[in-house]
Structures are given as structure tokens and as C-alpha cells.
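Reviewing the structure listed below.
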Amino acid sequence: MSRLKIFLLLSVLTAALFAPMAQASAQNAQCEQTYVVQAGDWLSTIAQKFLGDAKAYDAIVTATNEAAKTDSSFTTITDPNKIEVGQKLCIPAAKATSDHDAAGVYTAVSPAADARALIETLILGGDGQAQYLMNYVAKAEIPAKGTWTQDGATVLVKLTEQGGKPTQETMAFKLQDGNLASTTLPGLVYVKTAPDVAFHSGLYLANRQSADGALTLNALTLFPNLQAEMGLTKNSDKSFILQTGTWELGTDKDTNAPILTVHLTKQNDAALDETYVFQIQGENLRGLAYDKDLWGTDLTFTKYHAPVEPVTPASIMHDQTAGRYTAQLPAADAVGRVIVLELNQDDTAVMTTQFIGKGEPMVEKGSWELDGEFVNVTLANGQPKLVFKQELLTPEDKPVIVAKLVLQDPVAAGYGSDGLTLERTPSGVTQTAEYGGVSFAFDAQLAKTAQGETTTALPVAEGPALGGGMPASIRFMFDGQKAETYFNPNLAQVLVYKTDDWAKLDPSTAASVDALKKMLQEKPTTFEKGIPVLPPIPAAQVFQVKPQYVDFQNGSGIAFVTYYAQDASPVQSNQIFYTFQGLTGDAKYYVAVFYPLNTTLLPKRAEDAFGNQSYDEWAKNYDTYLKNLVSAMNGLNDAAYAPDLVLIQDLIKSINVGDTTLQ
């Protein structure tokens, strides 16, 4: 495909993507935005474009006529079948249905490797259609489209086409303060953005030389967070000058025409005070007020659209390489060795090496870079750089994933003939689970599938742990595993209960709920009396290792590694598990997660812990044994546990409990 055809294709896609945003200014309180009639427009087609319903044209008529009463820039519409080119219309807010009240435009700005930035725009239409654009500024623009659904605060976007090719990708979000917080990529938030701001964001080119020939004004970048960057070149030495500030949209008080103002406040690290005022003409910015002695009288910036790349841009490959890679290796004088390599987006690298059971880990810092299919890591310890070859994974209808890094020449690097292969953790291949108003995401390294079901309440009976009595729940099991007739905390599961059901079940479970509420409010760091756990377990909680308070999508709780026993015996590797105990923000629901663990720090058999001692001799020092064991387990890197604790923590953070769960 020729570059011209690619550019024209992108122009069409971009126009379609932002059509509902054109000419938005919302001058009147009832106008969500305004629109100037173009040749070939009908009120019905405009209503379909902006409101998602061709039959809603009468809402535009009503809004425009109301606006015309106080604003002369609007003309009263007397016949819906007759509108004129150039006529200004008032577009009211689309009436979102209850299951689409998240409709709107959302944007996110993040760094990119070989682009100025990555600007992501997500448009959720009131008709359930979704459009998504990844703009690697000046490098590539990748459009996608699909559909979206909403269940309470949970929003799922399913993309079916990307870059003109079929795809199957799901983006999961939680509505927070009007924005979309990603649950598949925790920490990433798409901010609700005015349509006109999103439309005018992007890169604009001028390439204007100053009157004295000393400078060239190259480009203006407008970000949807209203930050602005102006790039100039000093012609004498070709050095780059970066000016930064803010931008805003407005209206010319004399002509009512839309204008855009850029306030620049800093040049590199020095203070600056410069203002540019532009008239908006389609995708051109024509200068109205600026330093005309320096830049002439007809300064114009034109919006630039990068081509739709037929292959993955280098910046995308960089972003896909960045991540956390882990390995567990044998060791001569320890039960094992754990290595964690973190490749950060800012090109810094951190390698952590821990000999299990031999004290604190060794942490080395440095940098990394891509060199074709290789990753070069340079650590600040004077050692030669480490060269890894990428092993790629291409899931069906999904982007390429860097799955492994294989060290080249491992013998020279001190890793022996067995070598060093680091596996990306998390893998980046995520699954989502939804059932009964509860949803979450989990990595493929943790499980392949999850199955949700509604469990019935079991009455309290005589015997340990209330005889197995517990309330009704939403329960998820993994990879087809079946629950046992009794509660087993060593089975991987996610459980959601009504908090009041636990409070009413028995005084002991009511006390556990109250204790958890108090703990989450006060956030203690020591737990002499243990951490409350529901469902009840008919044994004693022996220890709490690596405790941490964790927020999920609509609540919070505490997660930790633990072990239950009825006697003083050595802890075996298959007896520990990770649990999370939490409450939704309104305390309406109780969330419990259980996941079995193991670590090579612990023996597979109890007798391996005795050494040359008898059980009675060993048991005399049980308290000292536990103290040393807890200290050693707290000191382990998350990757020294299997599965890696990071995988379970990410699952917990993604949990969302809908308002109608168990109703």
C-alpha cells in the first residue's frame, strides 16, 4: 500500500473517530457541543453521528432554538428538513441508557520509547459502539473499534478490529470519579475528556524559520491533559529547544469563532512567558496573536497524522519488552537461587539475585536497550553487559509478547552451562472472569480459566469451624477444579459474601467481621492476635508472612502468606497458602481469596526439618524455629514463591463487586 493511500486511510479513520467532537465549544449551558453544518448533512445523520439515534434530531432542533434565544450565532430552525451549510447547531448531551451511562471520551497520556508520547483515546458511544486510537506522536497512529458494555461500575470494551485487521481484545475498566481505571493494567487511568479537547489534541507542524534566521519553529504538541510542548531548533548548531506550558480552547469575543490559546511558561529549565492565539480552521491553526516580528504574519500549524504502520513500531516493541522477568535456579550452597530482572519504561534496569535461605538479596541497578531481537543490560557494577535474546509469543489475534529472555554466553556471565532463561512475570496474557456481578482479571501463568457459581448457604452445626456452616456466596474456582464438601483453603478460589450474612451467622464470625473492619481502619503492622479469616478454618493460624494492605477496585483488605496447624510440627512446602480478606468500600460485601503456595525454602517432608534430632528434641525449640522461619519467609522475594505473589496480588487488585451481587 502506498504512503498516500495509507495517509488517506488514516485520515478517513481519524475523521470517523472524532466526528462527534467536531467544532465542540459548548458555549450555551444546554449545548454539550456545537456543530457547523457541512455539505450533504441532514439533521437525521447529524443526530445519528452525535446522539447515536437518527430519530433524535428533534432534540437538536429544540436545543438550537433555545440557544438562538440568547445567542445570535445560532439561527432558529423552523423546518427540520431545511438546514443551511455553515449554520451553527447546538448539540445536547446524548441521553445515555442506564447500562451505558459511562458513554463519553476518555484519554490517557504515557511515555513511549521512540515517540514524544503515547496518546490513547477511547470513545464509548451511547449506542454501545467503541472506538480506540493509539497515537504514538509523530511515529504511528493505530485505530481500533468494537463494542462496549457496562455492569454497574464495571466497563468492558471488546475490540474486534485494529489497524483494519480482525482482532479479539478485551479492555476492562472500573469507573472511578468519572474516569476509567484499567483493571487489566492496574495503575493506568483513562481520564474523561471534553470531546473538543480530544479532537484538537495531537501534533501540529509549522517548520517556520524566524525573521533573523536563528531559529526554526518545528512543531506544537497538544496533549489531552491540556499540557503543551513547542519544539524549536537553533539553526547555528542544530540544538533542540523545548518550550512547555498549557493550552485551552475558547471563543473569539467578536466573531464567536473557535480559538485555541497556548501559554508557554518554561524553556528547557528557564522561566518563559509567551502566548500564541490561533484561529481553528479544521485541522489548521492560523496565528492571530503572537510575536509576528519574529515569526511573520501568516504563521500556520497543520495537524500531522502519522501513517498506519503495517508492522509494530519500535516504540511498541520497547513497551512490550519492558517488564519483570524471573527465574529460579539451583544453587550449590543454598536450596535455590531466585533472579528478578526489571526492565523499566524509562530504560533503567534492576537485577535482584537471592540465594534462598541465605539472607538478603543482592540488588544491582543499571540500564537496558533494544538491539534488534536482543536486549542489552548494563549493570553499574563494572561487569560486562548482559545480552539476552528475546523469545516471542504471538497469541491468536493479539499483539506480540516478549515471553522470555535467554542469556547469551551464560558461562562467561557466571551462570554455567545450564544458562539463564528469564520468563516474563506477569506474562501479559490475561483472562477475565465474570459471574453474578463479580469480575476480575488474572494472568495465564496463574490459571487458564475460571468458573463462577452461586453456592447455597449451609447452616451452623456442631463441630469445628461451625460444622462447615457458612452463608451463600459467589465462588470462582480455577482450571475446572471442583470444591470439596468441606472448606479447603489450599484450593485456589475467590469468594464473595454479603457481610451481614457473616455477621448474623454466629457470634464468632460477627467478631471476625468487626475485627477486620477495625484492622482496615487502623492498619496495624503487627498481628499478635492473628488476622481474621473467613470462612473459619478448624486449626490455629500459626503465622502471617509478608502482610500488606491491598486495594481492589471497590474496596480494600489485607493479604498475607499463612499456615494453619493443630500441633507443633515443621511447615512443609505444600502446606502454606496466600489469602486476602477484604470488604467493599460500603462494607456490603466480604471478599476472600485463597491460593495455595510453595517455596523451596520449606522441606517437602516433615522429617527433613529434624536433621539428626528426634521430634521431641526438635519440638523443644519450636518457638525459635518459627521465629527464624517467619524471618526467612518475610525476606524472600515475591518470585521465590510459586506462584509468584505478584500474580495473585494483581488478581486481587482487579476484583470488582457489583451492587446487585447475591440479590
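How much length would be gained if the chain were fully extended between Thr525 and Val429, taking 0.36 nm per residue of separation minus their Cα-Cα distance, in nm to one decimal? Could the numbers behind the result be given before it?
Details: separation 96, 0.36 × 96 = 34.56 nm, distance 3.40 nm.
That pair, Thr525 and Val429, stretches by 31.2 nm at full extension.
If you take the beta carbon distance between Asp409 and Ala511 as r and set R0 to 60 Å, what does 1/(1 + (r/R0)^6) give as a FRET efficiency, to the nearest 0.05?
Computed FRET efficiency for Asp409 and Ala511 comes out at 0.50.
Amide H of Leu215 versus every other amide H placed in the peptide plane: which residues, excluding those fewer than 5 positions away on the same chain, fall under 5 Å?
Under 5 Å from the amide H of Leu215 lie the amide H atoms of Ser210, Asn235, each far enough along the sequence or on another chain.
Convert each backbone phi in segment 237-245 into a coupling constant with the Karplus relation 6.51 cos²θ - 1.76 cosθ + 1.60 (shift: θ = phi - 60°), then list the ³J(HN,Hα) values in order as whole Hz, x for Gly and Pro.
10, 6, 6, 8, 10, 10, 10, 10, x
My understanding is that a pair violates if its Cα-Cα distance is over 22 Å; which of Lys238/Lys365; Lys518/Lys588; Lys523/Lys653; Lys165/Lys192; Lys498/Lys653; Lys192/Lys266 do that in this structure? If you can, show how the numbers build up before the last one.
Numbers: Lys238/Lys365 33 Å; Lys518/Lys588 15 Å; Lys523/Lys653 18 Å; Lys165/Lys192 28 Å; Lys498/Lys653 19 Å; Lys192/Lys266 27 Å.
Long pairs (Cα-Cα over 22 Å): Lys238/Lys365; Lys165/Lys192; Lys192/Lys266.
Would you mind checking which residues have amide H under 5 Å from Tyr435's amide H? H placed 1.01 Å from N; only 5 or more apart, or other chain.
Long-range HN contacts for Tyr435: none found.
What percentage of the solvent-accessible surface of segment 464-606, computed with a 1.4 Å probe over protein heavy atoms, is contributed by carbon and sulfur atoms?
Details: 2880 of 5880 Å².
The nonpolar share, carbon plus sulfur, comes to 49 percent.
For segment 314-432, give the percent of accessible area contributed by carbon and sulfur heavy atoms, probe 1.4 Å, rounded to a whole number.
Details: 2960 of 5910 Å².
Using a 1.4 Å probe with all protein chains present, segment 314-432 comes out at 50 percent carbon and sulfur.
Could you please state how large a percent of the accessible area of segment 185-306 is carbon and sulfur, counting protein chains only and using a 1.4 Å probe?
So the carbon and sulfur contribution to the accessible surface is 50 percent.
How long is the gain from Leu188 to Asp291 if the chain were fully straight, where each residue apart is worth 0.36 nm and the alpha carbon distance is subtracted? The partial results should precede the final answer.
Values: separation 103, 0.36 × 103 = 37.08 nm, distance 3.90 nm.
In short, 33.2 nm is gained.
With runs of 4+ DSSP H residues as the only contributors, calculate the mean residue ellipticity of the chain at 222 nm using -39,500 (n - 2.57) per run, divided by the residue total and rounded to the nearest 500. Display every interim value, and only then the final one.
Working: 11 runs with 106 residues, N = 663.
My calculation for the chain gives -4500 deg cm²/dmol from helical runs alone.
Given the options Gly40, Gly468, Leu629, identify the residue whose Cα lies farthest towards the positive end of the charge dipole of the chain (+1 on Cβ of Lys, Arg; -1 on Cβ of Asp, Glu).
After comparing all options, I get Gly40.
In whole Å, what three semi-axes, largest first, describe the equivalent ellipsoid of the chain built from its Cα gyration tensor (square root of 5 times each eigenvalue)?
Taking √(5λ) for each Cα gyration eigenvalue gives 54, 34, 20 Å.
Order of 430-441, 235-246 by packing, highest average Cβ count within 10 Å first?
Working: 430-441: 20.2, 235-246: 12.7.
The packing order, highest mean first, is 430-441, 235-246.
If R0 is 56 Å, what FRET efficiency do you get for Ala539 and Asp71 from their C-beta distance, rounded to 0.05? Kindly include the intermediate steps, with their values, before the conclusion.
Numbers: r = 74 Å, r/R0 = 1.32.
FRET efficiency, Ala539 to Asp71: 0.15.
How large is ³J(HN,Hα), in whole Hz, for each residue of segment 295-305 in order, when computed from phi with the Karplus curve 6.51 cos²θ - 1.76 cosθ + 1.60 and θ = phi - 60°, using x for Gly and Pro?
Listing the rounded values in order: 10, x, 9, 10, 5, 9, 10, 10, 5, 9, 10 Hz.
Take the alpha-carbon centre of segment 409-423, take the same for segment 448-496, and report the distance between them in whole Å.
44
At 7 Å along the Cα-to-beta-carbon direction for both Thr160 and Gln345, put a label point, then send me their distance in nm to one decimal.
Here the modelled spin labels are 3.0 nm apart.
Given a Förster distance of 35 angstrom, what is the FRET efficiency for Thr170 paired with Ala380, based on the Cβ-Cβ distance and rounded to 0.05? If you can, show how the numbers build up before the last one.
Working: r = 40 Å, r/R0 = 1.14.
The pair Thr170/Ala380 has a calculated efficiency of 0.30.
Phe577's amide H: which non-local residues (gap 5+, or another chain) put their own amide H closer than 5 Å, with H modeled 1.01 Å from N in plane and none for Pro or chain starts?
It is Thr562, Leu597, by chain and number.
When the Karplus curve 6.51 cos²θ - 1.76 cosθ + 1.60 is applied with θ = phi - 60°, which whole-Hz ³J(HN,Hα) does each residue of segment 556-564 get, with x for Gly and Pro?
Working through the residues one at a time gives 8, x, 10, 10, 6, 8, 8, 8, 10 Hz.
So which DSSP H runs in the chain come out at 15 Å plus along the axis (Cα) with average Kyte-Doolittle of at least 1.6?
Values: long enough: 3-18 (22 Å, 1.92); 57-68 (17 Å, 0.22); 507-522 (22 Å, -0.19); 622-634 (18 Å, -0.23).
Membrane-span-like by this rule: 3-18.
Could you provide, to the nearest whole Å², the per residue accessible area of the chain with probe 1.4 Å? Walk me through the numbers before you get to the answer.
On the way: 31200 Å² over 663 residues.
Per residue, the chain has 47 Å² of solvent-accessible surface.
The values are calculated or read from the model by the stated rules, or taken from the named source; none is laboratory data. In this text the structure is predicted, and so the values were computed from the model without any measurement. Please note: Cβ atoms are built from the backbone with ideal geometry, for glycine as well, and neighbour counts cover all protein chains shown. For accessibility, only protein heavy atoms count, side chains too; no ligands or nucleic acids. Shrake-Rupley method; radii C 1.70, N 1.55, O 1.52, S 1.80 Å.
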